[in-house]
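Notes to accompany the following structure.
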Amino acid sequence: MKNKVFFFMLSIFLSLLSLPLFSQNLRELKGTLVPHDVYVGDRSSVFYSFALSENLFMNLPQDSIHDGKVSVSPDCIHFVPEEEAGTILSAYISKKDFEYELSISFIPWKTGELLFAPMNIEELLFSLQDPSLSKISSSTHTLTPLPFKVLSITQKMNASTLRPSKGPLLLPGTRYVLILIVTVCLLFLTGIVFCIIHFSKIAALIKKLKVQYSFSKNERLAKKHLAEILKADLSDRDFAEKWQLILRTYLSKRFGINFFSVPSKRIYSLVNTAASGFLSESKGDALEEIMQSFIRTDYIRFAFGSLDSQTFPREEHEAVFLAGEKENLVKRTVKDIETLEKEEEE
């Protein structure tokens, strides 16, 4: 009978021991440091894993659990003996079946062995919740973190003194690029100075080039239009009228005089007066030939059907172009235009 009472009392005592109504110290921890070698100023993380048969998340609000993780206030985690030994960035507790893991992200500011102060798991879990909820849990579990070591960068480099400073390293080919840039800048500045010194000469040269381009364009258009009227199916009167319009346009742009109202016989004298009598012999012959062509085309334009055009011999007085005369007129006109332009270029 006494033995039965003894075993009954022993079973009750053991049952009371298994109840989490008092603080339990979690000594059998597994600690993992990431990265394995931690240096001052590096962002690091430490993971403490432990097993419990209890569901510590049972009394937590469901909206505080995300993917099996509960965030922890960094203010609940401290370094000892110097709290300034590092900065706690973030922390959380995760659960998978009966396995729990406390993750702490931090930046160490001191070398040597660092240690976190013992932490109450329930306080960590309810650190970001309503304080009244923490009273629901009747059990407490204390986690005593394992220490870890923070290295110095001088240990990694195996250096005991500071190395002298080095100048900035240049990429391959940078020197040649800089030389090229400096050379281009010098050439550009030299060009600007040259243009300032010889501004009047450069301005005169530009003006001359513009005039020459204008003359060249005027010449090309005149030749083009002459070729067009030669290919076109025009009557003799229309051909003569078109030819005169082309030549009057060319002469007006070439000499800067309005030739549209100038009589054909005054073309030579008007150009000679504008040139102050300094027309070269070749240019004078070209203008004389052009003036004779104007007189011929005037006769064909205005004498058509008149009594003079019916005078015999008919082939000399008739107001029409002879066979092949149009082609010869265009060739002769093109030659005269080229003579005027060559003389001006010289």
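Residues are listed down the side, and each one gets a yes or a no for (1) part of a strand (DSSP E or B); (2) open to solvent by 20 Å² or more (accessible area, probe 1.4 Å):
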| position | (1), (2) |
| --- | --- |
| ASP42 | no, yes |
| SER45 | yes, yes |
| ASN55 | no, yes |
| ASN59 | no, yes |
| GLU84 | no, yes |
| ALA91 | yes, no |
| GLU123 | no, yes |
| HIS141 | yes, no |
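Among the residues of region 168-215, write down those that are open to solvent by 100 Å² or more (accessible area, probe 1.4 Å) and not in a helix (DSSP H, G or I). Selection gives PRO168, LEU169, LEU170, LEU171, PRO172.
Residue pairs whose Cβ atoms lie under 7 Å apart, sitting 6 or more positions apart in sequence or on different chains, and linking a residue in region 207-221 that is at negative phi to a partner that is open to solvent by less than 60 Å² (accessible area, probe 1.4 Å), are PHE215/ARG254; PHE215/GLU341; ASN218/TYR250; ASN218/ARG254; GLU219/ILE337; GLU219/GLU341.
Looking only at residues in region 222-266 that are surrounded by 16 or more Cβ atoms within 10 Å (Cβ to Cβ), farther than 17 Å from ARG332 by Cα and of a type in the set (Val, Ile, Thr), the one that is nearest to the chain's Cα centre (by Cα) is THR249. Applying the criterion of being modelled with pLDDT of 80 or more and open to solvent by 50 Å² or more (accessible area, probe 1.4 Å) to the residues of region 147-159, the residue that is farthest from VAL40 (Cα to Cα) is PRO147. If you go through region 172-224 and pick out every residue that is polar (S, T, N, Q) and farther than 30 Å from TRP243 by Cα, you end up with 4.
Taking the criterion of being open to solvent by less than 10 Å² (accessible area, probe 1.4 Å), within 25 Å of SER53 (Cβ to Cβ) and hydrophobic (A, V, I, L, M, F, W, C), the residues of region 93-108 that qualify are ILE93, LEU102, ILE104.
The values are calculated or read from the model by the stated rules, or taken from the named source; none is laboratory data. Note that this is a predicted model, so its numbers are computed, not measured. Neighbour counts run over all protein chains shown; Cβ positions are idealised from the backbone, glycine included. With ligands, DNA and RNA removed, areas are computed over all heavy atoms of the protein, side chains included. Shrake-Rupley method; radii C 1.70, N 1.55, O 1.52, S 1.80 Å.
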